[in-house]
1. With each label point set 7 Å from Cα along the Cα-Cβ vector, what nm distance links ARG242 and ASP229?
2. Under the rule a/c < 1.5 gives rounded, and otherwise a/b versus b/c splits prolate from oblate, where does the range 36-141 land using the Cα gyration tensor?
3. Could you give the length gained on full extension between ARG180 and GLU250, defined as 0.36 nm per residue of separation minus the Cα-Cα distance, in nm?
4. Arranged from highest to lowest average of other beta-carbon atoms within 10 Å per residue, in what order do the peptides 54-66, 206-218 appear?
5. Going by amide H atoms built from the backbone, whose H comes under 5 Å of the H on PHE47, apart from near neighbours?
6. Between ALA195 and GLU41, how many nm apart are label points set 7 Å from Cα along the C-beta direction?
7. Quick check on my link table: of LYS133/LYS278; LYS97/LYS155; LYS97/LYS246, which ones sit more than 24 Å apart, alpha carbon to alpha carbon?
8. Taking the Cβ of LYS54 as the centre, find all other residues whose Cβ is under 14 Å away and add up their charges (Lys, Arg: +1; Asp, Glu: -1).
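The values are calculated or read from the model by the stated rules, or taken from the named source; none is laboratory data. A quick note: this is a predicted structure, and the numbers were derived from the prediction, not measured. Cβ placement follows ideal geometry from the backbone for every residue including glycine, while neighbour counts extend to all protein chains displayed. These area figures cover heavy atoms from the full protein model, side chains too; ligands, DNA and RNA do not enter into them. Shrake-Rupley method; radii C 1.70, N 1.55, O 1.52, S 1.80 Å.
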Amino acid sequence: MSGAPAPAADTLRVGFQATGTFAWVLDVIRRHGLAERAGLELRASEFASPDAGKLAINSGSVDVAISDWLWVARERALGSKLVFYPYSSAVGAVMVKADSPIKDISGLKGRVLAVAGGPLDKSWLIVRAAALKRGIDLRRETTLQYGAPPLMFQKMQQGEADANLNFWNFCARLEASGFRSLLDVHDAERELGAAEPIAMVGYVFPEAFASTHRGAVDRFLAMTKAANDILASSDAEWDALRRLMKVQDEATFRALRDRTRAGLPKQPLDAEIADAGKLFRTLADLGGPELVGPAKELDVHLYYHPPVSGD
C-alpha cells in the first residue's frame, strides 16, 4: 500500500546578487536538502547589481531579495510597504592603496571615490554621515563614481579611483592585494552612536506577501538560519564552497570565511531594532531627507517578526 502523497512545497522566488555571499548560503541549502525539509521550492534569480535586486522586489518579480534596512526604511516612508529581517552585520570600508598619501577621510577632498552600489547604498549613507559629522561633505567635495561592486573593485585595482567604498567581501580581496582600510563602516557606525554592529543587510519581503505567506516566510528564515549554523561550525563546509568563492590564495579564503562568520547576527531582534532606531535618528539629524528620506524616526513595523521558539 503506497503512502499518501507529500504535500506540495511552497514556492519562493529568491533574488540575490551574483557576487554576494548569499550564493554561498544557497549552495549549503542545496547540498544539505534544507529547502526540501522546510517544504519549500526555491526559484533563485541572480542580479548583476544591488539596484537590480531592489527593482525586482519592488516590481514583484521576486518574493524575497537581499538588501539593506536603510533602503527599506526609505521605501516604507515613500509608501512602498516592505519588511526586513537581519541577514548579516558584515560591512565594508573605504579602501586605498597601501602607499596612498591619503591618511583620513579629509584627504578624499578633490579625489575620485568609487562607491559600490548606488547613491542610496547603506554603507555610503553611513560614511557620508560620519564625514558630515567631521565637517566634510563627500558628495560635494569628491568626484564620485557609482557602480556594481565588481566594477568598482576593478577600477580601484586599475588605478582609476583614489579610493573605493566597497562591500566587505571585495574589501577582503583588496586587502590581500595590497590595499588598506581608510575608514571601516563599523567605525563610522560607532562615530554615529551605534553600540553594537547592526545587521545592515537582510532579507526583504513585500509586506503583503509576508502577511499572506507567513508560514513559508517563517520556514525560509528557519532554513537560512540552519544553513548559517552549518557555516558557523563547519570548516569542511567552507572547503566545499571554495569553487564558488573564486579565491586565489589562502589568506583571502580565510578572511572571507572568518568575516562571514563574524557578521552572522547575534543580537536579539528587539535589541537590533533599538540600535537601528538610534542610528537612524542620528542619520536623520545629520543629513535629513537627503540621507534617509522623509522619515525622522525608524518605522517600528519595518522589521519582520517570526514566531518565538515555542509558539
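1. Result: 2.8 nm between the two label points.
2. Judged from the Cα gyration tensor, the range 36-141 comes out prolate (a/c at least 1.5, a/b above b/c).
3. So the extension gain works out to 23.4 nm.
4. Going by the mean number of other Cβ atoms within 10 Å, highest first, we get 54-66, 206-218.
5. Those lying under 5 Å, H to H, from PHE47 are PHE16, GLN17, ALA18.
6. Going from the ALA195 label point to the GLU41 one covers 4.7 nm.
7. none
8. -1
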